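Have a look at the structure below before the remarks.
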Amino acid sequence: GIMMGTDKIVPYYIALRLTQFLKQPIDKISQICMPTAGALSAVTERHRLQRFLLKAVGTVLLLVGGVFIGAWFFGGDVIRNWMGGEYSTSHHILVILLAAQLVALPCSVMRSFLFGMGDVRFPAILYLTEALCNLTLSITLCSFWGLTGVAWGTFVPVLCIELGVLVPVALGRMGLKPQRFFMEAIVPQLLPLAALFGYCV
């Protein structure tokens, strides 16, 4: 708003608010997981903890994947009917922001598991680092690409920090192999998402 003026940021704000509305019910899943993860954090319950994590991440990925596909195909129509044709840029920004949520929401489940297990410092520092990178990159890219650059400034830190740091560390602390995580949490969601994608096409 300071860099571009408040009237210029409306397309971004539309996309941001839609993203927030769409992610709110899915984000509640991670909050539900935290106390259960704490209860299962004992060594004797490690197998149940792993199974619960795989199910929770898979469910969140399926839901946010469905939202992303729906927004990709029909978000432009929603924005045009809601705000008018002059805000067509909002659809492009919405897709980028929801692509970030494809990573962020499943990873928020993993963060909640770490919190529930009493591991607070690492995910909190990581979250703060991601926020600072988001701010710095958004301001930098805004100078080159405008509002779309701000959206990419959100997407890139989420992709790098969540996938590159949080996921490997969380899997290690929960004793899960990456291959098992991929095969049991991610692969089962690909067929229904592909079917939804085909239906939308």
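The values are calculated or read from the model by the stated rules, or taken from the named source; none is laboratory data. All figures in this text were calculated on a predicted structure; none of them were measured in a lab. Note: ideal-geometry Cβ built from the backbone for every residue, glycine included; neighbour counts use all protein chains shown. When the accessible area is computed, the model is the full protein with side chains, heavy atoms only, and any ligands, DNA or RNA have been set aside. Shrake-Rupley method; radii C 1.70, N 1.55, O 1.52, S 1.80 Å.
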* Counting only protein chains, not ligands or nucleic acids, how are 45, 184, 130 ordered by accessible area (probe 1.4 Å), most first? -> 184, 45, 130
* Structure fact -> Given (1) 0.96; (2) 0.94; (3) 1.01 as possible values of Rg/Rh (Cα atoms, Kirkwood Rh), the one from the coordinates is (3)
* Asked: Got a number for carbon plus sulfur as a percent of the range 139-201's accessible area, 1.4 Å probe?
  -> 76 percent
* Asked: If you take the beta carbon distance between residue 125 and residue 159 as r and set R0 to 30 Å, what does 1/(1 + (r/R0)^6) give as a FRET efficiency, to the nearest 0.05?
  -> 0.95
* Asked: Using the Cβ atoms and a cut-off under 15 Å, what net charge is assigned to the surroundings of residue 127, where Lys and Arg are +1 and Asp and Glu are -1?
  -> -2
* To do: Once you've got the Cα coordinates, tell me which of 28/177; 8/28; 28/55 are over 23 Å apart.
  => 28/177; 8/28
* **Potential lengthening between residue 59 and residue 143 on full extension [0.36 nm per residue; Cα-Cα distance subtracted]** => 26.5 nm
* Charge dipole magnitude, Cβ of K and R +1, D and E -1 - the chain, Cα centre, debye nearest 20 -> 560 debye
* Structure fact -> Under the Karplus relation with 6.51, -1.76 and 1.60 and θ = phi - 60°, whole-Hz ³J(HN,Hα) for the range 7-16, x at Gly and Pro, equal 5, 7, 8, 4, x, 5, 5, 4, 5, 5
* With every protein chain present, what is the per residue accessible area of the range 110-195 (1.4 Å probe, Å²)? -> 53 Å²
* Structure fact -> Between residue 48 and residue 183, the two model label points (7 Å from Cα along the beta-carbon direction) sit apart by a distance in nm of 2.5 nm
* Computed helical MRE - 222 nm, the chain, DSSP H runs ≥ 4 contributing -39500 (n - 2.57), nearest 500 -> -27000 deg cm²/dmol
